[in-house]
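The values are calculated or read from the model by the stated rules, or taken from the named source; none is laboratory data. Predicted model only: the values in this text are computed from it and were never measured. A quick note on method: Cβ atoms are made from the backbone with ideal geometry, for glycine too, and the neighbour counts reach across all protein chains shown. With ligands, DNA and RNA removed, areas are computed over all heavy atoms of the protein, side chains included. Shrake-Rupley method; radii C 1.70, N 1.55, O 1.52, S 1.80 Å.
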Amino acid sequence: MPAPGRWPAVVVALVAGVLAGCGTPPELRTAEPGPVSTPSRTAAPTPTGTAPPPINPTGLPGLGTPTPTADTGLVAVACSSGPTGARVVDLVRGRGGVLPRDVRVRVVSGPLCAAEWQYTVLDVTGHEQLQVVTRGPGSAPRLVTAGTDVCTVEVRAAGPPGIRNLACEGGTLGVPGA
């Protein structure tokens, strides 16, 4: 056992010994100039008249051309192709019969879209704010639900995450950083 004053020297020697084995891994070392032999590979002959499968843009045979993914609805954003706020108000007043024709309504937020679902918040004079969830193309949406709590079974089960976040978890209304 080393003397008490020699402990630091022993520790330094041990650490230096361990680190001496460290270095640049072989795959990262530069090769010395000179002839380099690389293993050669011979292709197996293909039968006459048979061409190898074409390589598609995916890099994998038989998978076809990659297509852009559809809107997954992860985030609700301002609708670029409708419906308009006026169209949502018409749906709520129309066959939905949620609002009478004589009550004053103002769009507070939305419509916000995620996939083919929309979420809108309306101010109704003399009443609480009304949340509205619609579904379908912007030109012909259908009313899913409207009220102060729109987290219905249909919204929870079939709605895209961006709409569920707004309707069920009280998420932010598309405000970055909020």
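State yes or no: is Val108 in a strand (DSSP E or B), within 30 Å of Thr145 (Cα to Cα) and modelled with pLDDT of 90 or more?
Yes: the conditions hold for Val108.
One residue is enough: does the stretch 93-104 have a residue meeting the conditions at pLDDT 90 or above and surrounded by fewer than 18 Cβ atoms within 10 Å (Cβ to Cβ)?
yes
If only one of Val132, Val144, Val121, Val153 is touching a residue at least 24 places away in the same chain (Cβ under 8 Å), open to solvent by 20 Å² or more (accessible area, probe 1.4 Å) and of a type in the set (Val, Ile, Thr), which one is it?
Unique residue meeting the criteria: Val144.
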